[in-house]
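Colleague: Can you keep this structure in mind? I'll have questions shortly.
The values are calculated or read from the model by the stated rules, or taken from the named source; none is laboratory data. Here the structure is a predicted model, which is why all the values come from computation and not from measurement. Note that we place each Cβ from the backbone using ideal geometry, even for glycine, and neighbour counts take in every protein chain shown.
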Protein chains: 2
Amino acid sequence: MTHDTQTLLLELFVIFVAAKLGGELFERLKLPAVLGEILAGVVFGPYAMAWVIPSSTVLSIAELGAIFLLFTVGLETRPKDLLKVGREATGVALGGIALPFLFGFGYMELTRHPVHESTFVAAAMVATSVGITARVLRDLNALDTLAAKIILGAAVIDDIIGMILLAFVVGLATAGGVQWLQLIVLIAEAAGFTIFMLFVAPRVMRRVSPNIGRLSTHNPQLIMALTICLGLSVAAQKIGLAAIIGAFFAGLTFSDFSPRWNLQPRVEAINEFLAPFFFFTMGARLDLRVLTPDLITAAMIISVLAILAKVLGCGLPVWGRGREVVMQVGVGMTPRGEVGLIVALIGLQMNMISPGAYAIVIFMTAVTTLFAPPVMRVLFRNRVAEQPQPEIAELGTSLERDIRTGLAASSGKAGDSETNG
Amino acid sequence: MTHDTQTLLLELFVIFVAAKLGGELFERLKLPAVLGEILAGVVFGPYAMAWVIPSSTVLSIAELGAIFLLFTVGLETRPKDLLKVGREATGVALGGIALPFLFGFGYMELTRHPVHESTFVAAAMVATSVGITARVLRDLNALDTLAAKIILGAAVIDDIIGMILLAFVVGLATAGGVQWLQLIVLIAEAAGFTIFMLFVAPRVMRRVSPNIGRLSTHNPQLIMALTICLGLSVAAQKIGLAAIIGAFFAGLTFSDFSPRWNLQPRVEAINEFLAPFFFFTMGARLDLRVLTPDLITAAMIISVLAILAKVLGCGLPVWGRGREVVMQVGVGMTPRGEVGLIVALIGLQMNMISPGAYAIVIFMTAVTTLFAPPVMRVLFRNRVAEQPQPEIAELGTSLERDIRTGLAASSGKAGDSETNG
């Protein structure tokens, strides 16, 4: 093949291996794999060892990775789930959006950053990345607790509102500040798009879905999902939103059909291939020269604010449930992840934030993600003691189910008595 | 996101939809979907309607598509399968390689094409694309016939030898004609690579495979397969072979583990996303201005030679099985596909073949692919009559299995008596 392809394949191979080794190393240290993939980008990227200087093709593949990442997040988000813990989850989500944005914006403004930079950094502090929390909860066998249900419900609303907020921020930036007419048009478009995707698209899907299976194409459901993912990404861009918003809503539209059509493992496979390029290049964009003592101080303050804002903002709405649930929900909502990173990336690409502010967001993402898991293990420590031994969990017999059910029942009671006490 | 990403996403969306609509249309006309995807590229590409002029990023993604295509082919190839019909399948494969190459090379030389162009066109005529045949056989419920088993066994050998041949042709071209020392080194490297992948790699995999599941990374088996796919593609390129050869051998190495690790549907999903870009850009590269009456005549002659060479070359080794099996095997081996197209693409990129010769290969691929299915339906017509009704096939009960088994048993006898008669 051509010289370009030769270089490209080698580049893809080196990035893929470096990212996955970083992820594996972090997993073994009981740290989130995503941070290992980002760190690999920092270490091997242009600002440190300079082994890999991502080409424009790799950066494009990385952005495709971001689209499939949000498509997967959407696929795994069930709007129906939040109905079960509806009101409390909504309160938690709203508190967890308002406070981080206010804290972030306030601090950035106080330290005399430009308004657009403050807005982007604040927006990057909003969206919870519930993936890490969900994994810790699963490891602790605590997915059936009240706190877990509220966290997962709130994360759905959080994602949706986070996307809408991103739309506004990007619109603000595109409109170049306060050009009111353009901004109003954009807000109307974003609102229209969101309402359409949340209320009209599901009905269209219910009507259309039986016909998709009748197509003669191989794997028609997967092909249709990929088409809609690409199509809505383009549509979102066309009306001035970020492409990932379209991809997220595309995932949301297919989430009800995902189990029946076996979409999740297959889209996840595409994601497994593309996402490492996204996380690696996120790290590779981190200009280490901006890491002055002042910036590190600012990054640490922002990180502490990001944690406090979620603990308070998400904890207060469940105050009546007792201190344990308050802390579990508050801490469980702190990890930031892909959405925040993408907000920062868009800001960097649009020259709306400086490399320094970009570094602050990466730092904040790392700190919040590292903070939550160990603290959650302490907060859910009753669960750890009750957790079935791995040997039992792997039995896979009816005996095991009985044991698990018994444990769940007894721990459910224990949880109730604690909440009442 | 940046302007580049905007354009790229729109481009990817348009290509994906156009390719898939072309495929769907062809499927409904009972024609191979792949040809519809290529035709979409011809129609919307730069030489006809010029709606899409593939950017360099899209061409890179298309080449990634070729790599995953061959990785999938490798995954679905079981070296063990050919042991069952070993000697006959080997004869069929060798005959089906020698004759097409000789016929193609001879005709191109007679019509005074340069040696390197003749070599590439001849090499593109070699590899059977058994996917279309296998699908027709499945539709006809004839996968359990002797002819089907020989075809599928021969296709495995055919793929492997086709890959080795491609390695030599690329090596010849890289060495710039007859630079003997370079050529000998390359042949040694290609042979070493092939022997290593066929005999050493499977043993390494058997040793290593239990440890892969112990990695902490999510989906460790898929990640390992993707890593090896990218790594062997790079390795193949480094020693002067085509990247797809590495991808094919990577697939072959994992083929034994594919069912247990559920690799096939997941790699297939990546392939479903990337392959349309490969086939579309194959079509988009077809310069319609080269289609002079002379070229069309040449393309038709090459196509007829491609069919005759496979029918004779694959039919003769099974002469003792009677005329029906001879024709079934001969015709079943005629379709050419992705391997031939990639050979032509590499030739075009290396300036080893002219746009005219590239057009001849595309034309030949289309003709052989269109020729086989209807003729096979006639040759296997006894099977069509015996095929269970779709309603029965969809029952999915034990009754259905009984009916199918009964049919298979009775038709097996019928097949035997015909062969003897």
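Colleague: Go through the range B:15-57 and count every residue that is β-branched (Val, Ile, Thr) and facing another protein chain (nearest Cβ under 9 Å).
Modeller: Residues meeting the conditions: 2.
Colleague: Given the structure, is B:VAL178 at pLDDT 80 or above, on the phi < 0 side of the Ramachandran plot and either surrounded by fewer than 18 Cβ atoms within 10 Å (Cβ to Cβ) or outside any helix (DSSP H, G or I) (or both)?
Modeller: Taking the combined requirement at face value, the residue does not satisfy it.
Colleague: Only residues that are under 23 Å from the mean Cα position of the chain (by Cα), assigned to a helix (DSSP H, G or I) and at pLDDT below 90: list them for the range A:226-244, please.
Modeller: Within the range A:226-244, A:ALA236, A:GLN237, A:ALA243, A:ILE244 meet the criteria.
Colleague: Select from the range B:132-152 the residues that are closer than 16 Å to B:GLY91 by Cβ and over 15 Å from the mean Cα position of the chain (by Cα) and list them in ascending order.
Modeller: Once the filter is applied, which keeps residues that are closer than 16 Å to B:GLY91 by Cβ and over 15 Å from the mean Cα position of the chain (by Cα), the range B:132-152 yields B:LEU146, B:ALA147, B:LYS149, B:ILE150.
Colleague: Can A:LEU99 be described as in contact with a helix residue (DSSP H, G or I) (Cβ under 8 Å, 6 or more places away or on another chain) and of a type outside the set (Gly, Ala, Ser)?
Modeller: So A:LEU99 passes the test.
Colleague: Now, a different point. Could you count how many residues in the range A:229-260 are over 20 Å from A:GLU338 (Cβ atoms) and either within 10 Å of chain B (Cβ to nearest Cβ) or touching a strand residue (DSSP E or B) at 6+ places or on another chain (Cβ under 9 Å) (or both)?
Modeller: 4
Colleague: Same structure again: Could you grab me the full set of residues in the range B:210-225 that are within 9 Å of chain A (Cβ to nearest Cβ) and either assigned to a loop (DSSP other than H, G, I, E, B) or in contact (Cβ under 8 Å) with a residue 24 or more places away in the chain (or both)?
Modeller: Within the range B:210-225, B:LEU215, B:SER216, B:THR217, B:HIS218, B:ASN219, B:LEU222 meet the criteria.
Colleague: Quick one: would you say B:VAL136 is closer than 19 Å to B:PRO373 by Cβ, among the β-branched types (Val, Ile, Thr) and modelled with pLDDT under 80?
Modeller: Answer is yes for this residue.
Colleague: Go through the residues of the range B:76-93 one by one and say whether even a single one is crowded, with 16+ Cβ neighbours inside 10 Å and within 14 Å of chain A (Cβ to nearest Cβ).
Modeller: Yes - at least one qualifying residue is present in the range B:76-93.
Residue-by-condition table, conditions (1) crowded, with 20+ Cβ neighbours inside 10 Å; (2) among the hydrophobic types (A, V, I, L, M, F, W, C); (3) within 14 Å of another protein chain (Cβ to nearest Cβ):
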residue	(1), (2), (3)
A:PHE280	yes, yes, yes
A:LEU295	no, yes, no
A:ILE301	no, yes, no
A:VAL304	no, yes, no
A:VAL311	yes, yes, no
A:CYS314	yes, yes, no
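Colleague: In the range B:55-68, which residue that is crowded, with 21+ Cβ neighbours inside 10 Å and not aliphatic (A, V, I, L, M) is farthest from the chain's Cα centre (by Cα)?
Modeller: Here the answer is B:THR57.
Colleague: Assess whether B:ARG78 counts as being assigned to a helix (DSSP H, G or I) and modelled with pLDDT under 90.
Modeller: Spelling it out, it is not the case that B:ARG78 is assigned to a helix (DSSP H, G or I) and modelled with pLDDT under 90.
Colleague: Right, something else. Residue check: is B:LEU64 within 10 Å of chain A (Cβ to nearest Cβ) and within 20 Å of B:GLY246 (Cα to Cα)?
Modeller: Yes, satisfied.
Colleague: May I pose another question? Name the single residue that is nearest to the chain's Cα centre (by Cα) among those in the range B:265-274 being over 13 Å from A:LEU226 (Cα atoms) and in contact (Cβ under 8 Å) with a residue 24 or more places away in the chain.
Modeller: This residue is B:GLU268.
Colleague: Could you please tell me which pairs satisfy a Cβ distance under 9 Å, a separation of 6+ or placement on different chains, a first residue in the range B:341-356 that is within 12 Å of chain A (Cβ to nearest Cβ), and a second residue that is surrounded by fewer than 17 Cβ atoms within 10 Å (Cβ to Cβ) and hydroxyl-bearing (Ser, Thr, Tyr)?
Modeller: From the range B:341-356, the pairs are B:GLN349/A:THR2; B:MET350/A:THR2; B:MET350/B:THR174.
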